[in-house]
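Working notes for the structure below.
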Amino acid sequence: MQTPEPPRSAADAPPEPSRLRLMRQYELVERVRAYDPNVNEDLLNRAYVFSMQAHGAQTRASGDPYFSHPLEVAGILTDMKMDSTTIATALLHDTVEDTLASLEDIQKQFGPSVARLVDGVTKLSRIELQTDQAKQAENFRKLVVAMSEDIRVLLVKLADRLHNMRTLHYLKNPDKRRRIARETLDIYAPLAQRIGIEKMQDELEDMAFGELNPDARNSIVARLNFLRNEGEAVTKKVLQELKSVVGESGIKATVEGREKAPYSIWRKMQRKNVGFEQLSDIMAFRILVDTVDQCYQVLGIIHSHYHVIPGRFKDYISTPKPNQYQSLHTGIMGPEQQRIEIQIRTKEMHEVAKLGVAAHWGYKEGAPRTDGLQYRWLRELLDIVEHAQKPEEFLENTRLELFQDQVFCFSPKGDLIALPRGASPVDFAYAVHSRVGDACVGAKVNGRMVPLRTALRNGDQVEIVTQKSGTPSPAWERFVVTGKAKSCIRRFIRTQQRTEYVLLGKSMLEKLCKQENVDFSEKAFEAISKNFQSATMEDLLANIGASLQPLREVFNAAYPNHRLKPPEKPGDKIIAVRTKVAVKGTAPLTLKGLIPGMAVHYARCCHPLPGDSIVGIVTTGKGVTIHTNDCETLESFARAPERWIDVGWSDEQDKAETMVGRLDVVLINKPNGFGAMTTVIGKNNGNITNMKITNRTPEFFDILVDVEVRDLKHLTIIIAALRASAAINSVDRTKGR
Ligand code: MN
């Protein structure tokens with residue numbers, strides 16, 4: 001069955017009524033038989049008929065019969081060469097949720113393993129249509145739990161999402177389309193990446209990208225087309241030359257070029273300080289051979305024929321990525337002095353890169369290991385999910401974790417620990433064991449003591465210094481990046497805070513009793529703790545301490561006949577103190593780590609934004625000045641460490657607040673260049689507050705642009721969008737000027 005190329009987004013092509021031809025029963029069986037001679041024909045036939053009858057006359061938003069959906073999902077999974085049980089699950093995956101069929105029916109007719117898988121997928125769909133964060137987080141929690149029991153639940157769910165994305169443009173409600181696309185980008189695409197299904201990840205990302213940011217995608221696609229046409233001759237030449245260079249050695253190899261996906265280019269533009277101008281930004285070349293030895297031989301041949309670009313060589317064969325990806329990567333100056341990227345791998349590795357977990361056990365191994373817990377990252381996700389207090393908390397943590405690239409570090413014994421990029425020694429400590437993290441007091445990287453907030457680099461050897469009495473510091477939360485470290489630190493702080501609140505609550509009660517000449521009796525309060533929705537006396541005390549529960553009400557309940565004296569001072573409460581800082585022209589912002597009432601202003605040299613790492617410098621007579629961590633001005637304070645104070649942004653930043661970021665834009669001198677720049681900024685909800693031309697040549701304008709944004713992330717999006725525009729040569733954030 002050929003699936004027609006889907007329109008990329010609702011904006012690209014208006015929905016046309018679909019003219020779908022349903023795959024027949026025997027066609028499905030034949031597709032599975034093509035890769036699995038032991039296909040369970042009977043199971044597939046019965047699942048096909050059951051699903052078709054159960055869905056009956058239901059239709060999709062496209063007008064197609066509903067049954068086309070489970071059938072397409074099954075089709076996607078045959079492309080991944082999945083076993084009959086998985087294909088049957090795909091056919092049945094919506095029957096329990098959307099038809100009169102019950103799970104018992106499935107169990108009776110198809111047995112326990114199909115029923116268990118259908119149940120796993122159903123549980124996820126049931127809460128999928130929730131809009132708020134808490135519900136979405138709950139959805140994700142269930143997904144993690146279900147897939148840790150059997151990874152096939154995830155494979156069916158991903159195929160389900162892929163087909164829903166392919167037909168997303170039929171949905172009329174733009175909010176719903178956006179929500180589904182957002183969820184795809186935040187959760188499903190990273191999961192596809194994690195289990196190594198590159199093809200599915202690319203397609204999911206591209207479709208979601210087109211829905212969420214059609215302008216950015218369109219400009220990248222336009223630029224890609226331009227660079228592809230311009231570089232066509234070079235690409236051919238590179239392919240030919242690589243073929244003949246490798247061919248001379250007698251090694252049988254396939255050489256191919258692969259264009260990068262628009263979304264991965266977009267992400268790179270946001271992450272790194274780059275635009276894309278040359279062939280190496282859009283193409284990677286790939287050499288496929290038969291054996292591991294040949295991979296290294298080919299690498300040697302390539303390196304001896306061309307100039308090697310330093311720092312680009314990576315050996316993922318000896319150190320596979322966490323999703324089992326293996327390959328050699330290198331960068332060279334190719335023919336015509338073009339930088340090119342080359343990946344060298346065996347055909348088997350290539351299969352794994354495309355299909356990930358599915359390549360390892362589909363139908364092939366008689367009894368595949370379906371338990372997802374063989375994946376370390378999945379075990380860690382499960383741990384976070386089980387221990388997080390608020391669902392939003394782990395959603396944020398895990399989302400971050402899934403997105404990032406990896407650095408590989410070593411313990412002193414030589415154990416390999418893979419961490420997300422930007423990870424600190426504290427993350428390393430928690431990755432080793434939560435006890436090591438909790439007791440961490442210092443770290444040595446490559447034999448030298450370093451600050452705990454140092455970002456680790458590939459190949460670093462990390463030694464954690466621990467102390468029995470050591471405890472996690474709340475300040476760590478500002479620089480750790482792994483979900484595990486974050487959740488452990490929060491768990492600790494919560495326990496510690498609770499202990500403090502319990503003690504405080506108790507002393508408040510005791511004080512009041514003394515004041516009222518009543519003997520403090522824990523029993524009297526214990527008896528009434530249930531009245532205040534507290535499970536235990538301790539809960540009640542903690543609530544009093546945290547001033548969630550008025551003290552006098554509790555006293556009255558325990559001693560109903562006692563008349564309380566009026567409070568001595570108005571407001572018998574503990575007031576939480578937080579520093580509000582007024583910035584000229586904007587609403588107050590919240591900072592952590594400052595004494596209440598301290599005067600604060602933001603440095604003009606570096607324009608710090610919420611999200612930046614910052615430090616405060618005490619300025620005599622002027623209070624505290626906030627700089628970004630990498631501001632050049634800080635050098636002049638290097639000799640006065642006593643003036644530095646550790647500050648951070650509060651998590652409770654009001655969404656409506658804005659700050660000003662300054663950009664250094666180099667605009668190509670063309671008609672309507674200014675128009676293009678201001679349009680891009682406006683479309684991304686940036687408000688230009690000031691603009692100055694600093695230099696002008698026949699080709700370029702250098703312009704300083706001040707843009708009002710919400711936070712650093714917002715500014716980063718604007719920068720990336722500007723870089724994607726053909727009118728703009730380069731964009732950088734101005735710092736230290
Ligand atoms: Mn479905």
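For this structure, a couple of remarks:
- Over 24 Å between alpha carbons, listed pairs K176/K260; K506/K565; K123/K484; K81/K243; K123/K260; K172/K713: K176/K260; K123/K484; K81/K243; K123/K260; K172/K713
- Simple spin-label estimate for L100 and H305 gives 6.8 nm between the two label positions (7 Å along the Cα-to-Cβ direction from each Cα).
- Hydrodynamic radius of the range 659-733 per Kirkwood, over alpha carbon pairs, in Å: 12.0 Å
- Working from label points 7 Å from Cα in the Cα-to-Cβ sense, the T536 to T254 distance is 6.2 nm.
- Shown in residue order for the range 602-608 are the 3J(HN,Hα) couplings computed by the Karplus curve 6.51 cos²θ - 1.76 cosθ + 1.60 at θ = phi - 60°: 9, 5, 7, 6, 10, 6, x Hz (x for Gly and Pro).
- Shape of the range 220-359, Cα gyration tensor, a/c cut at 1.5: oblate
- Close amide H partners of M283, meaning residues 5 or more places away or on another chain with modelled amide H under 5 Å apart, are K260.
- Relative packing of peptides 300-308, 533-541 - highest average C-beta neighbours within 10 Å first: 533-541, 300-308
- Placing a label point 7 Å from the Cα of E632 along the Cα-to-Cβ direction, the residues of the range 695-727 with a backbone N closer than 20 Å are 695-696, 702-706.
- The range 25-210: C-alpha gyration tensor shape, a/c 1.5 cut-off, then a/b vs b/c: rounded
- Kirkwood Rh and Cα Rg combined as Rg over Rh, evaluated for the range 496-561: 0.93
- Across all directions, the average flat footprint of the convex hull enclosing the Cα atoms of the range 145-300 is 12.3 nm².
- Model label sites at K243 and Y26, defined 7 Å from Cα along the beta-carbon direction, differ in position by 4.1 nm.
Any read-out appearing in this document is the output of simple, stated calculations on the displayed coordinates, not a laboratory observation. Everything numeric here is computed off the predicted structure, so don't read it as measured data. All Cβ positions, glycine included, derive from the backbone under ideal geometry; neighbour counts span all protein chains shown.
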